[in-house]
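Input: a single structure, listed below in structure tokens.
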Amino acid sequence: MPTLFTRIINREIPADIVYEDDRVVAFRDINPAAPVHILIVPRTEITGLATLPDEGDHLAILNVAKLLAEREGLVGGYRLVINQGPDGGQSVDHLHAHLLGGRKMKWPPG
Ligand code: 5GP
């Protein structure tokens, strides 16, 4: 059974896709928590950080985050978040990083 994000990657479910290459796809979060809220998702179905392999598509996430932050004009800064498991607030079991920006972030996160 493909994950929700695989179905988005395969265009079975619509999304505002802002970037893709052979390793990752990025699209805008349906429920944005900031003016810019983009999910960066490896094409490979990795459940989350807890099952991360040593090598793979996910290694592209950081560089794509940097590229998209530049494209989105986040000159004042931004935040990259990966939620892991129930305590981390993960709701979709397909590894993804949240690129958040366009407002001043608070610390500590909730
Ligand atoms: P998590 O809670 O797993 O860290 O993040 C999952 C994110 O996926 C949430 O921020 C949620 O708003 C987003 N999301 C859930 N379903 C969809 C969808 O169908 N389309 C898009 N674009 N985002 C989704």
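Every number in this text was worked out from the coordinates using simple rules, so none of it is lab data. The structure presented is a predicted model; accordingly, all values stated were derived computationally and were not measured.
Assorted remarks:
- Sequence-separation-based contact order of the chain, relative, with Cα cut under 8 Å and 6+ spacing, percent: 29
- Less than 5 angstrom separates the built amide H of residue 52 from none of the residues sequence-distant by 5 or more or on a different chain.
- Angle in degrees between helix 61-71 and the longest Cα principal axis of the chain, rounded to the nearest 10: 40
- Evaluated on segment 49-110, the Kirkwood hydrodynamic radius is 13.1 Å, with distances taken between all distinct Cα atoms.
- Across all directions, the average flat footprint of the convex hull enclosing the Cα atoms of the chain is 7.1 nm².
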